[in-house]
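Q: Quick one: this structure, given as structure tokens, is what I'll be asking you about.
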Amino acid sequence: MHTHNQFKTPSDEDELDDLDEDMVVGVIAEIEQEVLNESDSDNDEYDLGYMGAPVPENDGDSSNDGNESISSDDSFDPNAADSDSDDSMQEDAASGTAGGATSAKRRKDDDAPSGTKRESEATFDLDDEDETDETVRAIIAAIKKPRSAPPEIKLEDFITDICFHPNRDIIALATIIGDVHLYEYDNEANKLLRTIEVHSKACRDVEFTEDGRYLITCSKDKCVMVTDMETEKLKKLYETAHDDAINTLHVLDENLFATGDDAGTVKLWDLRTKNSIFELKELEDQITQLITNDQNKLLLATSADGYLTTFNIGARKMYVQSEPYEEELSCMGIYRSDSKLVVGTSKGRLYTYNWGQFGYHCDMYPGIKSPISLMIPITDRIACVAGEDGNIRACHIAPYRNLGVVGQHNMPIESLDVNTNGELLASSSHNNDVRFWNVKYFEDFGDIKYNEKHNAYKEKRHNLPSSKCTNTSDFFADLTKEDADDDDPGAGPSNTA
């Protein structure tokens, strides 16, 4: 983008007629950005005017002492002509004359806060040639286009987990220093509501209860804390809830939740009691995720040592444990009306189990050939997976299909969550940022049939509407459309003999 330092301030006679098309685009984009970023502030620095100050003539021996009388004409005419030539402007900059000093003063004012003098810049009239330029119109349309998702949230500390509130437009961000930030999100702007200091070490998981009344967090400090959302006060503290650092938790309903630690221990808790309901240790490595279905009869756990373990909640014992896999089982989701369980692995594979038959998978999909560490169900048949490559990909479940890229980060993705209505997906990465993606378009996806022809190579690289990248095929499709319009017989004489 062009800056103010790269073009002259217009005066009564400016040379903007000689600017090329790229410079016009840069000027328009800069001015539109300034209009969007206007804010009220003191205007003491604008006694001499903002954009209307003409460049004094260089007489060769004058100097700028800051006391010259400068006009403050706020108008901006892109079609005006300039009496000074390019050569004279270069000479002024090299010799440090009054014209150069005035330009320096003008650049300093550009960096100052917005004042009342700049309000007149809100109106920018384009001439006929600019109005017909497709590039200029596209830039202005992009600036005025309403956002379909909230803007990015950036923190100073590493974000370990995120969670949407079930009833309100609030998202909780857990950090590596043990704090939880509560943000109210909106398509226009995000607002920090409060920061809760809950743990002395990294907060590894954060979840809201189903009714949204309480916020439950677990940490590397082996504690579980329950915070009241209304009073912002600590409701319950389970000190030394585990003998090892707690890695994950899962909320079953308004009162029940489960936790898993780095040593393979799983515990079930009730907010109405002081101690855990039961404790089982059937694994030797870190519990990566816990999950249940709506009936809450079985609690499933994946672990870093390659096991899928199922616990019978009512009987308080292990139900079944899968055959060992030579890879880490990192995440899972339930699909197809609770009839299918899908597990993601560190080798990028997706294993499918029939519900209740968790001893060995019934189907395997090679996946994206990149480690999958996160999975979140979007619909009953569509899942979003993410991992170390920084891409969020959508997959159709049974039959498996790569639907395309939902969004991107510059670094590995740490956490995923979707809001209650399933329209907004949030993701955090190792870059300490949270990005939002509008995935409402998945509601219109039709069911995919078995043995249906498809191009796996294109599907893997296809960018969905929420992605920040565009598809090459879309660009050439526009060119084809333009060529078809040019060849329309009704538009003019035919070129055929």
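Q: Mind listing just one residue for me: the one in the stretch 235-276 that is without any contact (Cβ under 8 Å) to a residue 24 or more places away in the chain and aliphatic (A, V, I, L, M) and, of those, farthest from residue 200 (Cα to Cα)?
A: Looking at residues that are without any contact (Cβ under 8 Å) to a residue 24 or more places away in the chain and aliphatic (A, V, I, L, M), I get 263.
Q: Examine the stretch 400-423 for a residue that is under 19 Å from residue 149 (Cα atoms), part of a loop (DSSP other than H, G, I, E, B) and small (Gly, Ala, Ser), and state whether such a residue exists.
A: Checked the stretch 400-423: at least one residue is under 19 Å from residue 149 (Cα atoms), part of a loop (DSSP other than H, G, I, E, B) and small (Gly, Ala, Ser).
Q: Give the number of residues within the stretch 308-334 that are touching a residue at least 12 places away in the same chain (Cβ under 8 Å), of a type in the set (A, V, I, L, M, F, W, C) and not in a strand (DSSP E or B).
A: 1
Here's the yes/no breakdown for (1) touching a Cys at 6+ places or on another chain (Cβ under 8 Å); (2) not in a loop (DSSP other than H, G, I, E, B):
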residue	(1), (2)
352	yes, yes
376	yes, yes
383	yes, yes
392	yes, yes
431	no, no
434	no, yes
442	no, yes
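Q: Go through the residues of the stretch 307-328 one by one and say whether even a single one is within 22 Å of residue 427 (Cβ to Cβ) and either touching a His at 6+ places or on another chain (Cβ under 7 Å) or at pLDDT 95 or above (or both).
A: Looking for residues that are within 22 Å of residue 427 (Cβ to Cβ) and either touching a His at 6+ places or on another chain (Cβ under 7 Å) or at pLDDT 95 or above (or both), one finds at least one in the stretch 307-328, hence yes.
Q: For the stretch 173-199, what are the residues that are over 24 Å from residue 246 (Cβ atoms) and open to solvent by 50 Å² or more (accessible area, probe 1.4 Å)?
A: 184, 186, 187, 188, 189, 191, 192, 193 - these are the residues of the stretch 173-199 that are over 24 Å from residue 246 (Cβ atoms) and open to solvent by 50 Å² or more (accessible area, probe 1.4 Å).
Q: Right, next: Conditions first: (1) open to solvent by 30 Å² or more (accessible area, probe 1.4 Å); (2) modelled with pLDDT of 95 or more. Residue 337 passes all but one, so which condition is the exception?
A: All conditions pass for residue 337, except number (2).
Q: Quick one: which residue in 253, 261, 244 is of a type outside the set (Val, Ile, Thr), at pLDDT 95 or above, within 24 Å of residue 225 (Cβ to Cβ) and surrounded by fewer than 19 Cβ atoms within 10 Å (Cβ to Cβ)?
A: Among 253, 261, 244, only 244 is of a type outside the set (Val, Ile, Thr), at pLDDT 95 or above, within 24 Å of residue 225 (Cβ to Cβ) and surrounded by fewer than 19 Cβ atoms within 10 Å (Cβ to Cβ).
Q: Take residue 337 and decide whether it is within 25 Å of residue 160 (Cβ to Cβ) and touching a residue at least 12 places away in the same chain (Cβ under 8 Å).
A: No, not satisfied.
Q: Another one. Could you go through the stretch 209-230 and let me know if any residue there is open to solvent by 50 Å² or more (accessible area, probe 1.4 Å), part of a loop (DSSP other than H, G, I, E, B), without any contact (Cβ under 8 Å) to a residue 24 or more places away in the chain and of a type in the set (D, E, K, R).
A: The answer is yes, given that some residue of the stretch 209-230 is open to solvent by 50 Å² or more (accessible area, probe 1.4 Å), part of a loop (DSSP other than H, G, I, E, B), without any contact (Cβ under 8 Å) to a residue 24 or more places away in the chain and of a type in the set (D, E, K, R).
Q: Report yes if residue 294 is part of a loop (DSSP other than H, G, I, E, B), under 23 Å from residue 420 (Cα atoms), touching a residue at least 40 places away in the same chain (Cβ under 8 Å) and under 33 Å from the mean Cα position of the chain (by Cα), otherwise no.
A: Judged against the criteria, residue 294 is a match.
Q: Hey, another quick one. Looking at the stretch 423-444, I want the residues that are without any contact (Cβ under 8 Å) to a residue 24 or more places away in the chain and more than 18 Å from residue 154 (Cβ to Cβ) and have a partner that is aliphatic (A, V, I, L, M) and surrounded by fewer than 19 Cβ atoms within 10 Å (Cβ to Cβ) with Cβ atoms under 8 Å, at least 6 apart or on another chain. Which pairs are those?
A: Going by the 8 Å Cβ cut-off, there are no qualifying pairs.
Q: Which one of the conditions (1) outside any strand (DSSP E or B); (2) aliphatic (A, V, I, L, M); (3) open to solvent by 60 Å² or more (accessible area, probe 1.4 Å) does residue 364 fail to meet, given that it meets all the rest?
A: Looking at each condition in turn, residue 364 falls short on (1).
The values are calculated or read from the model by the stated rules, or taken from the named source; none is laboratory data. Since the structure is predicted, the reported quantities are computational estimates derived from the model, not experimental observations. Ideal geometry is used to build each Cβ from the backbone, glycine not excepted, and the neighbour counts take in all protein chains shown. Heads up: the accessible areas ignore ligands, DNA and RNA and are worked out on the full protein's heavy atoms, side chains in. Shrake-Rupley method; radii C 1.70, N 1.55, O 1.52, S 1.80 Å.
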